[in-house]
Each structure stands twice: as structure tokens, then as C-alpha cells.
Amino acid sequence: MSAPRLTVAVVYPDLLGTYGDGGNGLVLARRAAWRHVEVELVSATSDRPLPRADLYTVGGGEDGPQVRAAIGLAEDGTLADAVAEGAVVLGVCAGYQLLGRAFPDSADRPHDGLGLLDVTTRKGTGRRAVGELVAAVADAGPRLPGGGGLPRLTGFENHGGVSVVGPGARPLARVERGVGNGGGDGTEGAWSGRVIGTYLHGPVLARNTALADLLLAWALTPPGAAPEDEARLAPLDDHEELALRAERLEAVGGARDGGRWARVAARLPRRC
Amino acid sequence: MAATAVSAVNGLSRALGRGSGTVAGGRAGLLLDPSLLATLAGDRTVALVSGTNGKTTTTRLLVAAADGSPGTVVTNDTGANMPAGHVAALAEAPGAGLAVLEVDEGYLGRLVEETRPAVVVLLNLSRDQLDRIAEVRMLVDRWRGALAGLAPADRGPGTVVVANADDPMVVWAALPAPEVRWVGAGQVWHDDAVGCPACGGRIAFADDGAWACDRCGFARPDRDAWLDGDDLVLADGARHRIRLALPGRFNRANAAMVAVAATPLLAAAGRPAGPAAVLDRLSGVTEVAGRFATVTVGGRPVRMLLAKNPAGWTAIFDLLEETSAPGTAVVCSVNARTADGLDTSWLWDVPFERLAGRPVVATGDRRLDVGVRLRYAEVPHAVVADPRDALLHALAGPGAGDGVECLANYTAFDDLRRRR
């Protein structure tokens, strides 16, 4: 049997590349290659048609570029087609918001999202959410191949938007520290089918390798496959990532929510 | 009265051991008199230097270019580059007729308004401190608004803007200024300038540094001077060799900016000097607040290099390729304290892959983030908690025959300077 193949596309890094989220694509590509998957990592800039890929990552960015990215992806149509055929998508911050039904533009008017997640984002009225975020993956969250749940998520959030998860999607996680979706229900992120959205930077997949492997397993499993046919990934030596996770969780455990930096940041302009 | 208070508070602050006092005194003075900065600037000849990277070094070089006798040139060389720091520096040197001030990007408009500078030097603009500094585009618009109101130099005391023509963000900001000298100083980081600031189109960069928007015609202006290898080339064809003790291409670029800026600045100050004379004065600068200095740790040489953001790290990697023997060990020390920015995601915008082939040691508060980044760059590395131990570890390992290179971000650099 030939080696499995995988294409990972980082969507519009020229517009949505402000927060180091391009690292998610690198983490996915390396973790696939280390398991002898033949992987192609594509930097899919906004000046050309979006290529077909098995796995897309959409990163954070400023308000103006976020609107341009949403318009470009809607006109291009490839991302929605790919999702309908089983492609996997990870959206972060501005990328998460534009996967939803609507998000605020730089003048706080609602702008159409791609509608790939039943999530609606509006401008928050309170302080901007800036800081470390820890969230426990919800019971209704995605399951790892074999049926296990994901461990807690850790990352850095930096957003002014408030996201409400509609009935067509489910919250990804429950906030333990930080703000997350910010709508008062204590949730963070959303997921539906093979599409996941989150506010976590870091990048999120460098700090949460189980989530990276879940996305890889989905991308390597044909849609509709029986549970016994789901791709199983060989374990990797993740001691450095685990040490980083432990250190970040410990750092947040010793700090209070909000605090000085959240107040300073609340005076700064919105980014996503 | 307020100026006296600045000196008094500075002296008190120093006496109490609460630091150099530069910011405390300045803050107190500004509270007593909000117009103090304008008052202290008075009729001095002022140069302002701003940009994301290189402002401290360029400020230091411009002071060297001024070649003033003691007490005639004042500068804020303690890193305090906001108005409180400017006030403190100016208050301490009432007799200095020439002021060369490093300015935080966010305060350029206020400094331009209050100090009526003879020269404004604009180096570059790129992403920095994700969690707390305004977006690049917002800064550009604020710069542009401030520079549009300048008076031209040929009508009495006006302002010459010296701007990096190779950075589209800087060009967009400087275009409305009445008098601009465009310098092709190069740009290592294009990722924050792909979207055209004029029309939202796409800016394409050629290999030779030229750039243009594909939609609206916004393009690199005709340059008055540019860096070509080791030479400063003027539009009239004159070439001047840049000989610096400071290493690397980006320092030659900083020197090129200084050579062009010094001419109108020194003319305004009443002691004109041409580019060749100015460049000669720069070779005596061997370090800038410890940056580029070679120190000894455990009796062995360590070169100290500061890098704070993706553009800065990329420039330092260029410097290593130019000036450091292949295989020389590198220590990377990264913190994420207030002055550094709390979010370390930027590490993934830094091309750590370029360290392949060198022994690497990660240290600093956020060494684990650096270690994970290096793992995905497939660069073998060690992780050592204590920065000094990390240097000793690197010095004891391979690639340390001629010493090691130490790359550190802001507070990590300060830590190492103080603890050696």
C-alpha cells in the first residue's frame, strides 16, 4: 500500500497572518510527515484561486483584511465546496469568526461570514479579551479516534468580538480561565462536522497536539467511514509540547483572570 | 518651574535607587506642565528617529554624526522613548542646542507637533508586540496625518523627512510631507506590507527591492540615495564607502539613513557636513546599549544581539549568515514580560529553520515555547532554564571555538546584561 497523502493549506496568510497562526499549518505538516504521511504544505495567498486541500487552517488578522478574506473566500467558493466533500477546517480568531454566519466589520456593521459554522459574532461591549485562556473540551466536543475526549485547551486570546453558537453547531470547550466566546455562557470556540473554530492563538496546535492529531485523523479518514476505519496515528515524542502545556497551565493557575493587562488592552483598537 | 521639577524628581529617584529616574522625572514634569515638552524643545534643532526596528542604533549613530563637543548634543539614550523620557533628557541638558531623540512609533505625531523637528528619520514599520501595540496600518495612518502638517524646510525652519523608500508603509506615511529624502535602505520583512495602504490592492516586491501596487500605481518613489553592498550611493552617482564597527547589513542601512539625515540636520544646526565626513564619524560606534557588544562569560566571548520581533530576528539571522562562521553555536533567550509583549505566537513568524546546522540552546522565561518552535523547525537544540547556564552550556559544546552568539529579546537582553 502506498503512503497516505495529505494536502494542508494555510488560507490567505497575506491577509490572516498577523498572529503567528501560520504555525498551525507547520505543526500539522510536520506531525503528518513524522508519521510518514506524504504531506504538502501550501501557502494559499489571496491573489490566486484557493487550491483544493484535505485540511485548511484560517488564522487571525486585522478587521479590514478579515472582511477582504471573507469576500474572497465567498467569491472563490472552494472552501465551502471542500467542506461539503469532507475537508477539515480549523479557524482561529478572525478566521473562526469568518467561518460563521456574520461578524462585525471595522465600522461594527455585521458582515456576512461563510456560514460553515452556526456562529454569529458581534462587537463586545466590555473589555477586550487579551490573555491566556484555558478551556476544558465539552462533553459534546469532538472525540479522538477510539472515542476518547480531548485534554484541556491552552492558548492566548486577543479579541473584542463576542460569538454566540447557534443550534447548528456545538461549543468546543468550557472556559476555565479567560473569556472565550464571551456571550455569558462560558463557552469557547465551536465545532460542527469537520470544522472547528477557536479564539486560541499560541499557535493553538503547538500547545495542543491532541487537537492537531484529531484534525490529522479526520483528514486522513474518508468522510462517513465506520469508526473501525478511522485513521489511527502513531504516537510521537511530544515531551517538549507537554512541558510547554504544563508550564502554561501552571502559569495561569497562579494568576487571576482579567487583571491589569486586560484593562490596558481594553483601551486598544479591535483586531478580531 | 516644571523643568526644575524634572531634575529634582530625577535626582530624588536616583537617590532612592528607583532606577535612572528618567521616566519618573519626566512624568512629574508633564503633570505640572503639559506643554513642557514643547517648552524644553524650544528653539533647539531637533531630530526624531522612529520605526519598529533600529531606532536606538540609528539614534546613536546620528549623535555620533553630529560630533558635538560635550554638552552640545542631547539624546535619550536610556531606552526611554516616550514623552516622559524626552522631557527628562531635555531637562537635564538645557545648554544642548541639538537634540537627537528616539521616538516610540505611537508618539511620533505628538513629538512632531511639540518639537518642530528639523529632521524626522523613518526606518521601517512591521508587527511588534501582538497583545498591546496598535496595528501597523493604524500607526501608518497616524504618521501620515502628523507628517502632512509639516512646514517645508525651504520656508524658514521647516522639516526634512528622511524615509526608507523600500518600505511601502513608511512611504505611504511620508508621501504628504512637503520635503522628503527617499533612501533605499532595504527591507527584510514584507509580510505586513503586502496589502496596498492606498487602495487595498496587492504590493509586489522585486528582487532588487523595487515594489509597486498591482492596482493603483502606488510604487517605490525615485530614491535620493541607496545602499549598495558596502556603499552609500547618491542619486548624482557619488559613492561613499560605509565602514562601521557595528556588524551587518541592517546597520549599514541605518548608517545610510544617518548619512542622508545628518546633512540637513547639521546645516540647520549651523555646522554643515557632507555624507563622507558624516560616515567617517560613525566608525567609532562599537556597541549601542550593549547591543553588538562582545562580552566574556566564564572567560569566553559571547556576542550580544538584540531582536524583539519577527523582522528583527530575521535581520539578526541575516547578520549571522554574514558575520558568524557556519556552525557557530547560538543561544536564544526569550521572555514575554510587559515590555516584550505577553503573546509568544510571533515566534512562529520567525524563520528559525535558518539556524539549521548550528548548535542551539533555548533559554529565558519562555524557553519551552522556543524549544517547541525549534522542534517544528527541525533544529536540534537544548533547553536550559538559567540564561547564564545556557551560555556556559553553549560555550562548552560544539561550535563554540570562537565563542557563541546570544540572541535575546528585550527583557531577556537586559537580564543578561545585568547578570553577567
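The values are calculated or read from the model by the stated rules, or taken from the named source; none is laboratory data. Source: prediction; values computed, not measured. When we count neighbours, we look across all protein chains shown, and the Cβ atoms used for this are built from the backbone with ideal geometry, even at glycine. With ligands, DNA and RNA removed, areas are computed over all heavy atoms of the protein, side chains included. Shrake-Rupley method; radii C 1.70, N 1.55, O 1.52, S 1.80 Å.
Yes/no per residue for (1) modelled with pLDDT of 95 or more; (2) polar (S, T, N, Q); (3) on the phi > 0 side of the Ramachandran plot:
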residue: B:181; (1), (2), (3): yes, no, no
residue: B:199; (1), (2), (3): no, no, no
residue: B:207; (1), (2), (3): no, no, no
residue: B:211; (1), (2), (3): yes, no, no
residue: B:217; (1), (2), (3): no, no, yes
residue: B:231; (1), (2), (3): yes, no, no
residue: B:270; (1), (2), (3): no, no, yes
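List every residue pair whose Cβ atoms sit under 6 Å apart, with the two residues 6 or more apart in sequence or on different chains, where the first one lies in region A:180-193 and is touching a residue at least 60 places away in the same chain (Cβ under 8 Å) and the second, anywhere, is assigned to a loop (DSSP other than H, G, I, E, B) and not aromatic (Phe, Trp, Tyr).
A:190/A:117; A:190/A:169; A:191/A:142; A:192/A:117; A:192/A:169
Step by step: first the residues of region B:330-381, then only those that are open to solvent by 30 Å² or more (accessible area, probe 1.4 Å), more than 9 Å from every other protein chain (Cβ to nearest Cβ) and not in a loop (DSSP other than H, G, I, E, B), then the one that is nearest to residue A:204 (Cα to Cα). Which residue is that?
B:367
Just for region A:14-25: of the residues that are over 12 Å from the mean Cα position of the chain (by Cα) and over 14 Å from residue B:346 (Cβ atoms), which one is nearest to the other protein chains (Cβ to nearest Cβ)?
The extreme case among them is A:14.
For residues that are more than 23 Å from the chain's Cα centre (by Cα) and outside any loop (DSSP other than H, G, I, E, B), scanning just region B:212-233, find the one that is nearest to residue A:48 (Cα to Cα).
B:213
Within the bounds of region B:396-407, is there any residue that is within 14 Å of chain A (Cβ to nearest Cβ), touching a strand residue (DSSP E or B) at 6+ places or on another chain (Cβ under 6 Å) and either closer than 30 Å to residue B:80 by Cβ or buried (at least 19 other Cβ atoms within 10 Å of the Cβ) (or both)?
No: region B:396-407 contains no residue that is within 14 Å of chain A (Cβ to nearest Cβ), touching a strand residue (DSSP E or B) at 6+ places or on another chain (Cβ under 6 Å) and either closer than 30 Å to residue B:80 by Cβ or buried (at least 19 other Cβ atoms within 10 Å of the Cβ) (or both).
Mind checking which helices (runs of 4 or more DSSP H) fall wholly inside region A:62-168 and carry at least 3 residues that are modelled with pLDDT of 95 or more, away from every other protein chain (no Cβ under 14 Å) and buried (at least 22 other Cβ atoms within 10 Å of the Cβ)?
Correct list: A:94-99.
Just to check your reading of the model, which residue among B:276, B:256 is open to solvent by 40 Å² or more (accessible area, probe 1.4 Å), of a type in the set (A, V, I, L, M), out of contact with any Pro (no Cβ under 7 Å at 6 or more places or on another chain) and outside any strand (DSSP E or B)?
B:276
For region B:382-395, name all the residues that are within 27 Å of the chain's Cα centre (by Cα) and open to solvent by 10 Å² or more (accessible area, probe 1.4 Å).
Answer for region B:382-395, where residues must be within 27 Å of the chain's Cα centre (by Cα) and open to solvent by 10 Å² or more (accessible area, probe 1.4 Å): B:387, B:388.
Checking residue A:46 against (1) open to solvent by less than 30 Å² (accessible area, probe 1.4 Å); (2) within 19 Å of residue A:80 (Cα to Cα); (3) touching a Phe, Trp or Tyr at 6+ places or on another chain (Cβ under 7 Å), which test does it fail?
Among (1) open to solvent by less than 30 Å² (accessible area, probe 1.4 Å); (2) within 19 Å of residue A:80 (Cα to Cα); (3) touching a Phe, Trp or Tyr at 6+ places or on another chain (Cβ under 7 Å), residue A:46 violates only (1).
Looking at residue B:95, is it away from chain A (no Cβ under 14 Å), within 24 Å of residue B:24 (Cα to Cα), without any contact (Cβ under 8 Å) to a residue 40 or more places away in the chain and in contact with a helix residue (DSSP H, G or I) (Cβ under 6 Å, 6 or more places away or on another chain)? Even if it seems obvious, please write down each step before you answer.
Numbers: away from chain A (no Cβ under 14 Å): yes; within 24 Å of residue B:24 (Cα to Cα): yes; without any contact (Cβ under 8 Å) to a residue 40 or more places away in the chain: yes; in contact with a helix residue (DSSP H, G or I) (Cβ under 6 Å, 6 or more places away or on another chain): no.
So residue B:95 fails the test.
For region A:47-58, which residues satisfy the criterion of being in contact with a strand residue (DSSP E or B) (Cβ under 9 Å, 6 or more places away or on another chain), in a loop (DSSP other than H, G, I, E, B) and without any contact (Cβ under 8 Å) to a residue 60 or more places away in the chain?
Scanning region A:47-58 gives A:47, A:50, A:51, A:52, A:53.
Within region B:279-312, track down each residue that is touching an Asp or Glu at 6+ places or on another chain (Cβ under 8 Å) and part of a loop (DSSP other than H, G, I, E, B).
B:289, B:293, B:308, B:309 - these are the residues of region B:279-312 that are touching an Asp or Glu at 6+ places or on another chain (Cβ under 8 Å) and part of a loop (DSSP other than H, G, I, E, B).
Which is basic (Lys, Arg) and within 22 Å of residue A:204 (Cβ to Cβ), of A:35, A:68? Let's see the steps before the verdict.
Details: A:68 fails: within 22 Å of residue A:204 (Cβ to Cβ).
Checking each option against the conditions leaves just A:35.
Which residues, taken from region A:211-245, are out of contact with any helix residue (DSSP H, G or I) (no Cβ under 9 Å at 6 or more places or on another chain) and either open to solvent by less than 30 Å² (accessible area, probe 1.4 Å) or within 14 Å of another protein chain (Cβ to nearest Cβ) (or both)?
Across region A:211-245, the qualifying residues are A:214, A:217, A:237, A:239.
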